[in-house]
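As structure tokens, the structure follows; a few thoughts come after it.
The values are calculated or read from the model by the stated rules, or taken from the named source; none is laboratory data. Computed from a prediction, not measured in an experiment: that's the story for all the values here. Every residue, glycine as well, gets a Cβ built from its backbone with ideal geometry; the counts of neighbours run over all protein chains shown.
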Amino acid sequence: MDRRLFLQASAALALGANSINARAMRGAKVVVIGGGYGGATAAKYIRLMSQQGIEVTLVEPEQWFISCPLSNLVVGGSRTLADLSRPYTSLTKQHGVTHARDVAVAVDPVARTVRLSGGSVLSYDKLVISPGIDMNFSSIDGLSEAQQQGKILQAWKAGPETNALREQLEAMPDGGVYALTIPEAPFRCPPGPYERACQVAFYFKRHKPKSKVLVFDANQDVVSKPALFKKAWADRYPGIVEYHNQHKTVAVSAADGLIKFDVHDSVKADVINALPAMRANKIATQTGLANMANGRWCGVNYQTFESTAAKDIFVIGDAIQVAQLMPKSGHMANNHAKVAAAAIVAQLSGIEPNPQPMLTNTCYSFIDDRIVVHVASVHEYLATERTFKVVQGAGGLSAEPSELEGSYANHWARTIWADMLE
Amino acid sequence: MRTIHMLLTLLALQTILLALPALAIDSIEPQRAGSSPPPVRTGVDIEPQSLSMPPLYVQSLAATCANCHGTEGRALSGATVPGLAGRSADELVAQMKAFRSGERKATIMHQIAKGFSDTQTQLLADYFAAQKR
């Protein structure tokens with residue numbers, strides 16, 4: 001049989017039998033908590049995949065999405081937050097998503113309701129939580145106080161703190177020291193800290209060449225793209241970036257500009273950018289979904305991203321207990337969202353969820369304002385092992401930093417923002 | 001309610017029966033080539049996916065391309081990475097093979113292409129070929 005004819009025939013047959021059942025889904029309600037890379041994508045794709053059959057409410061307090069990827073360029077001075085911001089309006093106008101501009105304060109998994117801070121209560125058939133991370137400030141002595149005073153920042157969620165960190169760097173005299181402390185993995189955005197070191201060094205090289213970037217990493221080595229980052233520091237920022245592995249920060253003092261480590265001698269810095277340990281955001285932990293790694297991350301059935309702690313609740317993005325070699329990245333959250341969306345549409349339509357979902361990931365990192373490196377991977381769900389594994393032989397790193405990849409990185413950002421919001 | 005259940009069962013049965021030839025062709029063809037065990041694909045070692053899988057699964061598979069190529073393969077205007085929607089399926093399959101073999105040079109796509117099997121590539125190509133540009 002002619003292969004083309006055969007393919008067309010089988011596609012047509014599949015359409016008749018195993019296609020989604022719009023009638024079964026009509027009136028079904030999905031609530032999505034969180035409008036980041038995961039949540040916004042889930043909201044859009046549930047509408048798309050259900051052919052607008054499922055009602056979707058996105059609970060997100062902000063009017064504008066601000067991207068964490070590329071936000072290190074705001075710290076480095078080559079972008080503004082406005083460049084990285086997109087409105088949620090297209091989700092509403094083009095895709096019929098209801099945008100509840102509010103914060104979810106409580107989930108009742110038994111009654112299947114979400115209470116918002118404004119007092120209203122949303123009921124759901126399926127709930128998607130894409131809550132992001134919380135900082136565990138108590139993992140570093142003195143950090144909580146210094147953070148509240150605005151003296152020691154993280155800027156690990158793009159927004160006002162990103163600009164505030166930039167202002168601290170601008171106020172620092174030439175010859176000053178910027179210190180970045182990195183917690184043990186896993187944390188949000190594995191290459192993020194190392195890209196930030198590049199971006200701060202990029203600013204110093206042009207405007208404050210006597211200044212230093214000190215990186216104190218609790219890990220054995222640079223967590224992502226180690227060879228590429230170390231070569232970039234040596235080639236492009238010699239005498240500016242100093243990298244120190246196995247330095248676990250235990251205390252900071254804003255008044256003295258002091259960082260204390262578990263083993264090594266203390267260090268003084270003019271600007272301290274301390275990243276503490278991270279965990280799933282409060283709405284997930286208080287709902288009892290963070291059932292892995294001593295209550296830090298949310299366990300999911302990887303085939304669907306349904307919580308292993310509560311039925312009909314799907315957790316996606318940085319808050320989950322990751323599978324092997326699965327980064328906590330925006331691209332990955334977007335891909336989690338699509339698997340969860342398809343699983344929800346399948347369940348509400350009365351067909352089995354896809355037995356073999358796939359994920360891709362790409363993390364671009366800017367070495368300066370134009371030159372970029374990447375790491376990429378493809379992940380397949382293995383039913384026999386009930387987890388995702390990277391496809392062997394696929395994925396990889398940049399051969400070297402390049403402007404061409406810089407253009408692809410900018411393209412990636414525009415496209416993925418549209419893929420989640422427009 | 002009962003009628004709906006019966007209908008669904010019938011539909012499911014129909015799918016299984018109609019899908020059988022597809023599975024048979026997939027598994028028989030490589031055996032004809034005489035090698036054993038029969039690899040269905042060249043690129044990667046994963047479970048074969050049937051070419052008659054439900055459209056929702058294919059849509060979900062194709063969504064892994066959307067981050068860089070646009071939702072449903074429609075690129076943004078002025079994009080530096082090409083769209084996939086409305087292109088010939090044969091051309092898309094050929095490009096994926098060229099990326100995998102290294103014949104077509106790339107910064108990243110040669111690494112991503114190796115993550116998808118021949119069957120998945122065919123499913124993706126047929127899906128994108130059927131999308132509006």
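Can you find a residue that is within 22 Å of the chain's Cα centre (by Cα), closer than 20 Å to A:PHE65 by Cβ and outside any helix (DSSP H, G or I) anywhere in region A:173-185? Give the steps one after another, and end with the answer.
Kept after step one, since they are within 22 Å of the chain's Cα centre (by Cα), are these residues of region A:173-185: A:180-185.
Next cut, closer than 20 Å to A:PHE65 by Cβ only: none.
No: zero hits.
Check whether at least one residue in region B:92-103 is within 11 Å of chain A (Cβ to nearest Cβ), modelled with pLDDT of 95 or more and touching a Gly at 6+ places or on another chain (Cβ under 9 Å), and report yes or no.
Yes; the residues of region B:92-103 include at least one that is within 11 Å of chain A (Cβ to nearest Cβ), modelled with pLDDT of 95 or more and touching a Gly at 6+ places or on another chain (Cβ under 9 Å).
Out of A:GLY350, A:GLY406, which single residue is over 24 Å from A:GLY192 (Cα atoms), surrounded by fewer than 23 Cβ atoms within 10 Å (Cβ to Cβ) and within 11 Å of another protein chain (Cβ to nearest Cβ)? Show your work before the answer.
Values: A:GLY406 fails: over 24 Å from A:GLY192 (Cα atoms).
One residue alone meets the criteria, A:GLY350.
Pick from B:ALA12, B:ALA19, B:ALA66: which is at pLDDT 50 or above, under 30 Å from A:ALA24 (Cβ atoms) and at the interface with another protein chain (Cβ under 9 Å from one of its Cβ atoms)?
Numbers: B:ALA12 fails: at pLDDT 50 or above; B:ALA19 fails: at pLDDT 50 or above.
Answer to the check: B:ALA66.
Of all residues in region A:239-284, which are free of Cβ contacts under 8 Å to residues at least 40 places away in the same chain and crowded, with 18+ Cβ neighbours inside 10 Å?
Those that are free of Cβ contacts under 8 Å to residues at least 40 places away in the same chain and crowded, with 18+ Cβ neighbours inside 10 Å: A:ILE240, A:GLY257.
Hey, A:MET326 hits all of (1) under 29 Å from A:LEU84 (Cβ atoms); (2) surrounded by fewer than 24 Cβ atoms within 10 Å (Cβ to Cβ); (3) in contact with a His (Cβ under 9 Å, 6 or more places away or on another chain); (4) within 11 Å of chain B (Cβ to nearest Cβ) but one; which does it fall short on?
Only one criterion in (1) under 29 Å from A:LEU84 (Cβ atoms); (2) surrounded by fewer than 24 Cβ atoms within 10 Å (Cβ to Cβ); (3) in contact with a His (Cβ under 9 Å, 6 or more places away or on another chain); (4) within 11 Å of chain B (Cβ to nearest Cβ) is unmet by A:MET326, namely (4).
In the list A:LYS208, A:LYS212, which residue meets the criterion of being touching an Asp or Glu at 6+ places or on another chain (Cβ under 7 Å), within 16 Å of A:GLY77 (Cα to Cα) and free of Cβ contacts under 8 Å to residues at least 60 places away in the same chain? Lay out the reasoning, then the answer.
Values: A:LYS212 fails: within 16 Å of A:GLY77 (Cα to Cα).
After applying the criteria, what remains is A:LYS208.
Considering each residue of region B:106-133, count those that are polar (S, T, N, Q) and within 12 Å of the chain's Cα centre (by Cα), and give that number.
If we filter region B:106-133 for residues that are polar (S, T, N, Q), which is where we start, we get B:107, B:111, B:117, B:119-122, B:131.
Now restrict to residues that are within 12 Å of the chain's Cα centre (by Cα): B:117, B:119-122.
Within region B:106-133, residues that are polar (S, T, N, Q) and within 12 Å of the chain's Cα centre (by Cα) number 5.
Kindly check whether there is at least one residue in region A:310-323 that is surrounded by fewer than 22 Cβ atoms within 10 Å (Cβ to Cβ), at the interface with chain B (Cβ under 9 Å from one of its Cβ atoms), in contact (Cβ under 8 Å) with a residue 12 or more places away in the chain and in a loop (DSSP other than H, G, I, E, B).
No, because not a single residue in region A:310-323 is surrounded by fewer than 22 Cβ atoms within 10 Å (Cβ to Cβ), at the interface with chain B (Cβ under 9 Å from one of its Cβ atoms), in contact (Cβ under 8 Å) with a residue 12 or more places away in the chain and in a loop (DSSP other than H, G, I, E, B).
Return the total of residues in region A:389-399 being buried (at least 21 other Cβ atoms within 10 Å of the Cβ) and part of a strand (DSSP E or B).
Going through region A:389-399 one residue at a time, the tally reaches 0.
Restricting to region A:103-126, and then to whatever is surrounded by fewer than 14 Cβ atoms within 10 Å (Cβ to Cβ) and among the polar types (S, T, N, Q), can you tell me which residue is nearest to A:ALA284 (Cα to Cα)?
A:SER117
Of the residues that sit in region B:59-105 and are of a type in the set (Val, Ile, Thr) and part of a helix (DSSP H, G or I), which one is farthest from the chain's Cα centre (by Cα)? Explain how you work it out, then say what you get.
Step one: of region B:59-105, the residues of a type in the set (Val, Ile, Thr) are B:64, B:71, B:80-81, B:93.
With part of a helix (DSSP H, G or I) added as a condition, the list becomes B:64, B:71, B:93.
Values: B:THR64: 11, B:THR71: 16, B:VAL93: 9 Å.
My answer is B:THR71.
Are any of the residues in region A:158-168 crowded, with 23+ Cβ neighbours inside 10 Å and either not in a helix (DSSP H, G or I) or not assigned by TED's automatic domain parsing to the domain that holds A:PRO238 (or both)?
Checked region A:158-168: no residue is crowded, with 23+ Cβ neighbours inside 10 Å and either not in a helix (DSSP H, G or I) or not assigned by TED's automatic domain parsing to the domain that holds A:PRO238 (or both).
Out of A:SER377, A:SER407, which single residue is in a strand (DSSP E or B) and at pLDDT 95 or above? Give the steps one after another, and end with the answer.
Working: A:SER407 fails: in a strand (DSSP E or B).
Being in a strand (DSSP E or B) and at pLDDT 95 or above holds for just one of A:SER377, A:SER407, which is A:SER377.
Please pick out the residue among A:ALA218, A:ALA171, A:ALA179 that is crowded, with 23+ Cβ neighbours inside 10 Å and outside the structural domain of A:ARG79 (by TED's automatic domain parsing).
Values: A:ALA218 fails: crowded, with 23+ Cβ neighbours inside 10 Å; A:ALA171 fails: crowded, with 23+ Cβ neighbours inside 10 Å.
Checking each option against the conditions leaves just A:ALA179.
Hey, any hits in region A:376-393 for a residue that's under 11 Å from B:THR107 (Cα atoms) and more than 7 Å from chain B (Cβ to nearest Cβ)? Reasoning before the result, please.
Restricting attention to region A:376-393, the residues satisfying the condition of being under 11 Å from B:THR107 (Cα atoms) are A:376.
Among the residues that remain, those that are also more than 7 Å from chain B (Cβ to nearest Cβ) are: none.
No.
Just to check your reading of the model, which residue among B:ALA75, B:ALA79 is facing chain A (nearest Cβ under 9 Å) and surrounded by fewer than 17 Cβ atoms within 10 Å (Cβ to Cβ)? Explain how you work it out, then say what you get.
Values: B:ALA75 fails: surrounded by fewer than 17 Cβ atoms within 10 Å (Cβ to Cβ).
Just a single option satisfies the conditions, and that option is B:ALA79.
Being part of a loop (DSSP other than H, G, I, E, B) and not small (Gly, Ala, Ser) is the filter here; which residues of region A:324-365 pass it? So that I can check it myself, show each step before the final result.
To start, the set of residues in region A:324-365 that are part of a loop (DSSP other than H, G, I, E, B) comprises A:324-329, A:350-357.
Selection gives A:GLN324, A:LEU325, A:MET326, A:PRO327, A:LYS328, A:ILE351, A:GLU352, A:PRO353, A:ASN354, A:PRO355, A:GLN356, A:PRO357.
In region B:81-91, is there at least one residue being under 20 Å from A:ASN335 (Cβ atoms) and at pLDDT below 95?
Initial filter on region B:81-91 (under 20 Å from A:ASN335 (Cβ atoms)): B:81, B:83-85.
Subsequent filtering for residues that are at pLDDT below 95 retains B:81.
Yes, region B:81-91 has at least one match.
If the requirement is being assigned to a helix (DSSP H, G or I), within 25 Å of the chain's Cα centre (by Cα), hydrophobic (A, V, I, L, M, F, W, C) and surrounded by fewer than 17 Cβ atoms within 10 Å (Cβ to Cβ), which of these qualifies: A:ALA197, A:ALA232, A:ALA227, A:ALA201?
Numbers: A:ALA197 fails: surrounded by fewer than 17 Cβ atoms within 10 Å (Cβ to Cβ); A:ALA232 fails: surrounded by fewer than 17 Cβ atoms within 10 Å (Cβ to Cβ); A:ALA201 fails: surrounded by fewer than 17 Cβ atoms within 10 Å (Cβ to Cβ).
Only one candidate passes the filter, namely A:ALA227.
Can you tell me which residues in region A:409-422 are more than 7 Å from chain B (Cβ to nearest Cβ) and either touching an Asp or Glu at 6+ places or on another chain (Cβ under 6 Å) or closer than 14 Å to B:THR71 by Cα (or both)?
From region A:409-422, those more than 7 Å from chain B (Cβ to nearest Cβ) are A:409-410, A:413, A:417, A:420-422; that's our starting set.
Result: A:ALA413, A:TRP417, A:MET420, A:LEU421, A:GLU422.
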